1. Looking only at region 181-213, filter to residues that are free of Cβ contacts under 8 Å to residues at least 12 places away in the same chain and not in a helix (DSSP H, G or I); which one of those is most open to solvent (accessible area, probe 1.4 Å)?
2. Restricting to region 214-246, give me the number of residues that are assigned to a helix (DSSP H, G or I) and under 19 Å from the mean Cα position of the chain (by Cα).
3. Could you please find all residues in region 134-153 being under 20 Å from Tyr197 (Cβ atoms) and open to solvent by 60 Å² or more (accessible area, probe 1.4 Å)?
4. Mind listing just one residue for me: the one in region 308-367 that is acidic (Asp, Glu) and farther than 16 Å from Asn284 by Cα and, of those, surrounded by the most Cβ atoms within 10 Å (Cβ to Cβ)?
5. Whether any residue in region 55-69 is open to solvent by less than 30 Å² (accessible area, probe 1.4 Å), in contact with a Phe, Trp or Tyr (Cβ under 9 Å, 6 or more places away or on another chain), aromatic (Phe, Trp, Tyr) and within 24 Å of Asn39 (Cβ to Cβ) is what I want to check.
6. Only one residue in Gly127, Gly178 is crowded, with 19+ Cβ neighbours inside 10 Å, small (Gly, Ala, Ser), within 24 Å of the chain's Cα centre (by Cα) and under 22 Å from Leu62 (Cα atoms). Which one?
7. Within region 280-296, how many residues turn out to be of a type in the set (A, V, I, L, M) and more than 17 Å from Ala238 (Cβ to Cβ)?
8. Starting from region 228-251, take each residue that is open to solvent by 10 Å² or more (accessible area, probe 1.4 Å) and list its partners that are assigned to a loop (DSSP other than H, G, I, E, B) and hydroxyl-bearing (Ser, Thr, Tyr), counting only C-beta distances under 6 angstrom and pairs at least six apart or across chains.
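The values are calculated or read from the model by the stated rules, or taken from the named source; none is laboratory data. Just so you know, these numbers come straight off a predicted model, no measurement behind them. Heads up, the Cβs are rebuilt from the backbone with ideal geometry, glycines too, and the neighbour counts pull from every protein chain shown. Please note that ligands, DNA and RNA were not included when accessible areas were found on the heavy atoms of the full protein model with its side chains. Shrake-Rupley method; radii C 1.70, N 1.55, O 1.52, S 1.80 Å.
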Amino acid sequence: MKKITMSVCSIAALLGIVLTFASCKSKEEKIAEAIELLNQEKYAEGLALYQEIEDVQDTVLLNKLAKLYADGKGFEQDSAKALQLWEKTADLGDPEGMLQLGLAYELAMGGYKKDMKKALEYYEKGGEKNDPIGLYNAALIYLYDKGKDAVEKNPEKGIQLLKKAVDLKYVPSMNKLGYIYEDGDGVLVNMEEALKYFEMAASNNDKDALDELGNMYDKGKGVKKDQKKAFEYWLKAAELGYQYSQYSVAWDYANGVGTKKDSKKAVEWYLKAVNQGNVSAMLNLGYMYEKGDGVEQNWQKATELYLKAAEKGNVQAQHNIGWCYYHGKGVQKNLKEASKWFQKAADQGHEGAQGWVDIMVTNGELY
């Protein structure tokens, strides 16, 4: 007798049994629905449906769940569970799982012991699947790994992997190669190559590369000195929020270098850098408030900025706030505070501060 195979849903239909729609869906349909539920942030429903499906081998779903567990989004944060899922995707040949296992071994996460050799193995496996981050991370291990169980250094291999990542349009690799050729890090200094890779990264709006191109043109390092070009590169990076370029743009506006002098614009850019914690910008903006340059003179604001920078170790700011306390400018006169800040600056070799320490000793004012 010929055997007839029928699905559960078909048998139920013949017998007039009503099943839920979900129970009649194929495995692939359930997986797609689970992914959609997670995308819609219906986390509990998506997880429940995933747990109903036997032997899930869909890397999109597994990676999505792993990321949610890793980030603690929708579920309680659980690195171990996330890595169990990533182990599965890695075994299925997915580069995301390989990358995450590499990070787990490199950073000793989720119960994994630090093991740079295993980290490298997973990064390179991901690299073979054209994962640019895996290639980049593997390159850094070959270039810089240190310590007792370090991988043997191989700058040539590291650079080769970075170039593969560049071919995959990975911007951090472009930037890294720029610095490697600029500094002669494992290779001979080659400013033409440095310029090539920095320009490549800059064309992708990499803030660090734009800033470094500004530095190169400002100093004439590997290129003809061109302060107008330097300013243009810094301005691009500054507009992208890079605090060091914001400081450089402000300085150029304040001094009329590479662009027309504009004290008001200098104040604007210094303030942007100050808001990101740039200590040199605090000092210079304080000076502009002190002098009333581009802004109404305001000794109180000047001293506030000097004090902020001084507390972060800026030696000139320490001298300046000491002077303000000594003379009672913007703050109440306070010889104890003046002594403290002059001595801090003098200890760092500031000659002007040492001069004030000597004066205070002579006058019997030093605390």
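1. Per the stated criteria, the residue is Leu188.
2. Here the count works out to 9.
3. Matches in region 134-153: Tyr144 only.
4. Across region 308-367, the extreme among qualifying residues is Glu337.
5. Yes: region 55-69 contains one or more residues that are open to solvent by less than 30 Å² (accessible area, probe 1.4 Å), in contact with a Phe, Trp or Tyr (Cβ under 9 Å, 6 or more places away or on another chain), aromatic (Phe, Trp, Tyr) and within 24 Å of Asn39 (Cβ to Cβ).
6. Criteria check complete, one pass: Gly127.
7. Counting residues in region 280-296 that are of a type in the set (A, V, I, L, M) and more than 17 Å from Ala238 (Cβ to Cβ) gives 3.
8. Pairs that qualify, where the first residue is open to solvent by 10 Å² or more (accessible area, probe 1.4 Å) and the partner is assigned to a loop (DSSP other than H, G, I, E, B) and hydroxyl-bearing (Ser, Thr, Tyr), are Phe231/Thr259.
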